[in-house]
Amino acid sequence: MSSGSCPGCLSDVSIRTILWGMPSEEPDPAIYVIGGCCIEEDMPEMECMNCGWQGSKVEVEKATRVRRFIWTDEDMPGIIFYKKFRITHEALADLERSQAWQNATSFNSQFTPESIYGPEGKLQWLWSLSWDSEDAMKGDLYTNMGGGVPIEIIDELVRIAVAKNKIT
């Protein structure tokens, strides 16, 4: 899969390079999408499989930089940020008490939610992120499972964050 964020929907997992012309063999669909056989000037180079956006690699690179540099109200006091969901200590405590965590016996005996997602955890960079939607949060957490966080635990963390529906 091509790396980069979509300028249309900010998805990090759906950007593909467009191949124009007649490829001699079937391209890898995780990296490429076929654009058509006619080649003209100013053809789009990239396409988002999520929202259908088409454009240039430069636009993808810019969206990627914007997406990965997350501003907070501490960086810019007085600015209202609309991202709704984030990982908090409260959400991690709720996760540790959840049935999903209790059911992951081989996993929960080695880790705590804080040791994975907390500010000092294995995936600490996720601590500072916030998301506009449940799907965006799931997408980032699924992509960055950290070598084996069970899907049920990720789903439960997202459920808890969505239920709280606020940035604290």
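Values computed for the structure shown
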quantity	calculated
Cβ charges +1 (Lys, Arg) and -1 (Asp, Glu), total dipole of segment 85-164, debye	80 debye
Spin-label zone in segment 1-39 - amide nitrogen under 18 Å from a point set 7 Å from the Cα of LYS57 along the C-beta vector	1-7, 14-21, 28, 30-35
Prolate/oblate/rounded call for segment 85-164, Cα gyration tensor, a/c under 1.5 rounded	rounded
About the Cα centre, charge dipole magnitude for segment 15-68 (Lys/Arg +1, Asp/Glu -1 at Cβ), debye	480 debye
R0 of 41 Å, Cβ-Cβ distance ILE151-TRP20: FRET efficiency to nearest 0.05	0.65
Highest-first arrangement of 150-156, 101-107, 24-30, where packing means the average Cβ count within 10 Å	150-156, 101-107, 24-30
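Each reported figure results from applying straightforward, stated rules to the coordinates on display, with no laboratory input. Everything quoted here is computed from the prediction, not taken from an experiment. Note that we place each Cβ from the backbone using ideal geometry, even for glycine, and neighbour counts take in every protein chain shown.
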